[in-house]
Each structure stands twice: as C-alpha cells, then as structure tokens.
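Novice: Please find one structure pasted underneath; my questions will follow.
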Amino acid sequence: MRTSERTFPADFTFGVATSAYQVEGGIENDWAEWERAGRLKEPHARCGRAVDHWSRYEEDYRLATAVGATAFRISLEWARIEPERGRFDEAALEGYRERLLKMKDHGLTPVVTLHHFTHPTWFHRETPWHQPESVEVFRRYSRRCAALLEGLDARVITFNEPMVLLLGGYLQGAIPPGIADGALTMKALENLVRAHVVARREVGETLGRVETGISQNMLAFAPDRWWNPLDRALVRLGGQAYNHAFHEALSTGKLRVNMPGVATARVDIPEARDSAEFVGVNYYSRAHLRFVPRPPFIEFKYRDTQGRGLTDIGWEDWPEGFLQTLRDVKRYGKPVWITENGIDDRSGTRRPQYLHTHLTQVLAARAEGVDVQGYLYWSLLDNFEWLEGWGPRFGLYHVDFDTLERRPTPACDYFRQVATGRKLVAPL
Ligand code: BGC
C-alpha cells in the first residue's frame, strides 16, 4: 500500500454510533413488551434504565470528543415521541432538541436515525408494516422529527437495518412483531421502502437539502460447501436479497427479491428512484450459507476459517469481507458511510486490532475509488444488545452495568490516534 493510502483526508469523518433503546433508558415500547413476555435469549434480562444516556448525555458527548469523534449517531425513539397514535409528546420533542443542540455545542455533528428497530406499543396492533397505513403514520412521525433538526446540519438515516427488522420480525418471528410469513414480509418490505421515500420528502421539505439514506446490515456471504451448487445459489440469491434489495430499490425504483420458496417481490416504486444521498453500511462479519432440504431451506453459520477465533458473540472476524462489501456498493455511485462497524470484545484487548484491520480495508476501498466519507464505530458505550441482553460488550468505553461508570478500553487511545492523526498505524 502506498503511503498516501495509509492516510485519511481531512474531510473524512470519524464518529461513534448508538441507538435510543440500547442506551437511553426508561423507554416503554414494543421491545420492552417483548422482554416482559420472556422472549429474549436470557428471558429475565430487561433493558430498563439501559446505560442512562438520557441523563448522562453530556458526559457521553465528552467521551466521544475525547476519542476524536466529530460525529455522533443517535436514534430518536418513536415511542417517546408518539406514545399514542397521533398524540405527540412535546416534552420528549423538546428533550431531543435540547440534547441535539448540546451535541452541536460539543463539536459533534448529529447523525440521526428515525427508526432503529423499535416501535411504539400501538404500532403493530394498529398500523403494522404490512399494511399501507404504516407509510402515512411514519410520514407524520418523520415530519415531527425533521422539525427537530432545524439548523443542525444533521445527516439523516430513515431506517436502521430494515432487512434485519424484516428477517427477524416478519420472517422468523424472533423479534417484534413476531410474525413468520413470507408474503407479509414482502408487503412490509415494500411499505418500508415507501416509508423511506415519504420520510425523506418530509425532511427535505422542512430542512432543504439534507443528506438522507438508510443503514443496511451487510454481511459477506460464502457457501458452506464451496463445491455445492445449491449453497452457491443461496449465496447469490440471499446476498442479493439481504444486502442489496433495499439499496437497489432506493437507487433504481425497482424492488426485487427472488428467494424461491421463502419470499419473492417484484414491485416498481418509481418515486423511490434515486432517493438516497448516501449508502449506509453496517459491516460486522461473514456468514456461511448451507442449503437444507426443508423450509426455510437455509442454514446460516459463522465459522472460524482463519483461526482468529470467533468474537464473543460468536461472529467471524473477517475484515476481508469489508473490502468486498465496500466494492460491492460502488455500483450505486453514491458516497458511502460506514454507519456501524465494531466488535463485541469483553476483554477489550482485541478491539484495537479489529479497528486496525477494518480501517485498513476502508483505506483499500478508497484507494480503489469507493467514495467512503465517514466511519462511525459501534458503539461509543457498552449497551443493551437486543436478544442477547447485557452479555455482549461493543463499547469503546466499558460500562459498569451496576454503577453505570464509563471507563476507557484500550481501543479509545487507538481510535483517538487514528481519528486525530488521520494516519493508520499498527496498534501497540
Ligand atoms: C444494530 C445494533 C446492534 C449491533 C450489534 C446492528 O445490527 O444496528 O443495534 O447493537 O448491530 O449487534
């Protein structure tokens, strides 16, 4: 690699990412109901006060700037903002406005996600994603969110990982709303695309031109048996559906999913054409796919192919797939933002190396002409990890879940060094 390729330009953004439910605390939404129903892996885990970011936000902004971050990704909690259908909570809106202004004062540019997996408790009962009314309720909610962002120069992410929401919530029934139905999944997918389009329009009408996109969980896929044509077909069709169908719909206006026996969609949504200013990529790992001769026909596994050891959560550490993923999104011809990348590392000792190997791939992608403009580490803090509860630790800062004290992990120094020095150095 040439020296210039070891350097990030001055306008490249380093930042950190969080989501409301995982950090704020005190939120009553569909996920809290799911917990009470005992549907988590650890059925007694509760998010509860989370890591109390709702009160400790200033401290957390300081922690972010201390590692050289200049952008801070949050999400707005729909359940706080619209606790009952059509009733917007002015105090919650003001609360968010106050926090966003403070964030700005700390020199952090807000990256604001409107929807990060969770919903108000009424949503699935009254206007679930597979019904067309969902689009209109999301439009109204987005209008309120847009008004919060006046004058902040924020970047907007309408949906975080819509395919994860659909796969987990509509196809496998493992997360709210707990539906397992291929046809409804495709209806919901179509409505999520439409909801993105109307939300982006609301943001634009309120604020003028704002960079708006989605964050997509993108996995590197590989056949479990390299020689098996069915495993290879799964990689092709599954990879296309999971990684690209949504991005592609926002680029071409054509929504296409072709997973015979699982789910298929072929819908033209002309208004979705060219409806994102950037491509948001959340990259964590590689998955091996294996065809099994019974529904849902896919077995999905993480394998330790390189002897690096799986991460604590059981994922393969596969930086090579990051480059492959970034090459793959070049086709959209838009700037790329890494809206999440990180490792669950309880000891804190693997994270600097993880950062190094993954940022190396970002530089390699840039050298190949992929216009990667920003990197947001997941996450600033250890937090509540969805179905896994309090086990995993992704934070640059370790959080003591009893006292809520935040302590730097070794990766803080490394992140700061790269973010402020703009040069990729090997961790000590
Ligand atoms: C999600 C985060 C989550 C992270 C680690 C992403 O899929 O957006 O909310 O905590 O991955 O699992």
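Novice: Is it the case that region 398-415 has a residue that's on the phi < 0 side of the Ramachandran plot, touching a Ser or Thr at 6+ places or on another chain (Cβ under 6 Å) and not β-branched (Val, Ile, Thr)?
Specialist: yes
Novice: Moving on. When region 42-62 is examined, which residues are found to be touching a residue at least 60 places away in the same chain (Cβ under 8 Å) and under 21 Å from the mean Cα position of the chain (by Cα)?
Specialist: Selection gives Cys47, Ala50, Val51, Asp52, His53, Asp60.
Novice: Taking the condition open to solvent by less than 10 Å² (accessible area, probe 1.4 Å), more than 16 Å from the ligand (Cβ to nearest atom) and within 19 Å of the chain's Cα centre (by Cα), does Leu363 pass?
Specialist: So Leu363 does not fit the description; no.
Novice: Oh, and also: Determine, yes or no, whether Val262 is modelled with pLDDT under 95 and open to solvent by 30 Å² or more (accessible area, probe 1.4 Å).
Specialist: Yes: the conditions hold for Val262.
Novice: Wholly within region 1-94, which helices (runs of 4 or more DSSP H) include no fewer than the required count, namely at least 1 residues that are of a type in the set (A, V, I, L, M, F, W, C) and within 16 Å of the ligand (Cβ to nearest atom)?
Specialist: 20-23, 30-36, 78-81
Novice: Within region 88-99, can one find any residue that is open to solvent by less than 20 Å² (accessible area, probe 1.4 Å), of a type in the set (A, V, I, L, M, F, W, C) and in contact (Cβ under 8 Å) with a residue 60 or more places away in the chain?
Specialist: Going residue by residue through region 88-99, those that are open to solvent by less than 20 Å² (accessible area, probe 1.4 Å) are 92-93, 95-96.
When the remaining residues are screened for being of a type in the set (A, V, I, L, M, F, W, C), the result is 92-93.
Retained after the next criterion (residues that are in contact (Cβ under 8 Å) with a residue 60 or more places away in the chain): none.
No: region 88-99 contains no residue that is open to solvent by less than 20 Å² (accessible area, probe 1.4 Å), of a type in the set (A, V, I, L, M, F, W, C) and in contact (Cβ under 8 Å) with a residue 60 or more places away in the chain.
Novice: Residue by residue through region 267-297, note down the ones that are open to solvent by 40 Å² or more (accessible area, probe 1.4 Å) and in contact (Cβ under 8 Å) with a residue 12 or more places away in the chain.
Specialist: First pass over region 267-297, keeping only residues open to solvent by 40 Å² or more (accessible area, probe 1.4 Å): 268, 270-271, 273-274, 290-291, 293-297.
Once the filter is applied, which keeps residues that are open to solvent by 40 Å² or more (accessible area, probe 1.4 Å) and in contact (Cβ under 8 Å) with a residue 12 or more places away in the chain, region 267-297 yields Asp268, Pro270, Glu271, Arg273, Asp274, Arg290, Phe291, Pro295, Pro296, Phe297.
Novice: I've got another one for you. Name every residue in region 293-304 that is in a strand (DSSP E or B) and either polar (S, T, N, Q) or more than 16 Å from the ligand (Cβ to nearest atom) (or both), in order of residue number.
Specialist: Hits for region 293-304 are Ile298, Glu299, Lys301.
Novice: Restricting to region 375-402, what's the tally of residues that are within 11 Å of the ligand (Cβ to nearest atom) and touching a Pro at 6+ places or on another chain (Cβ under 7 Å)?
Specialist: Result for region 375-402: 1.
Novice: How many residues does region 365-418 hold that are within 14 Å of Ala17 (Cβ to Cβ) and touching a strand residue (DSSP E or B) at 6+ places or on another chain (Cβ under 9 Å)? Break it down stepwise before answering.
Specialist: Going residue by residue through region 365-418, those that are within 14 Å of Ala17 (Cβ to Cβ) are 374-383, 385, 394-397, 415.
So of that shortlist, the ones also touching a strand residue (DSSP E or B) at 6+ places or on another chain (Cβ under 9 Å) come out as 374-383, 394-397, 415.
Here the count works out to 15.
Novice: Just one of (1) within 16 Å of Leu219 (Cβ to Cβ); (2) modelled with pLDDT of 95 or more; (3) out of contact with any Phe, Trp or Tyr (no Cβ under 6 Å at 6 or more places or on another chain); (4) of a type outside the set (D, E, K, R) trips up Tyr283, so point out which.
Specialist: The number of the failed condition is (3).
Novice: Out of the residues in region 337-360 meeting the condition of being open to solvent by less than 10 Å² (accessible area, probe 1.4 Å) and away from the ligand (no atom under 16 Å from the Cβ), tell me which one is nearest to Ile157 (Cα to Cα).
Specialist: Of everything passing the filter in region 337-360, Leu359 is nearest to Ile157 (Cα to Cα).
Novice: Considering only residues that are under 19 Å from the mean Cα position of the chain (by Cα), buried (at least 17 other Cβ atoms within 10 Å of the Cβ) and not β-branched (Val, Ile, Thr), look in region 310-323 and name the one that is nearest to the ligand (Cβ to nearest atom).
Specialist: Here the residue is Trp315.
Novice: If you scan region 172-190, which residues turn out to be in contact (Cβ under 8 Å) with a residue 60 or more places away in the chain and either more than 16 Å from the ligand (Cβ to nearest atom) or open to solvent by less than 10 Å² (accessible area, probe 1.4 Å) (or both)?
Specialist: Pro176, Pro177, Gly178, Gly182, Ala183, Thr185, Met186, Ala188, Leu189, Glu190
The values are calculated or read from the model by the stated rules, or taken from the named source; none is laboratory data. Note that this is a predicted model, so its numbers are computed, not measured. Counting neighbours? That spans all protein chains shown, and the Cβs are built from the backbone with ideal geometry, glycine included. Areas reflect the complete protein model, heavy atoms only, side chains present, ligands, DNA and RNA absent. Shrake-Rupley method; radii C 1.70, N 1.55, O 1.52, S 1.80 Å.
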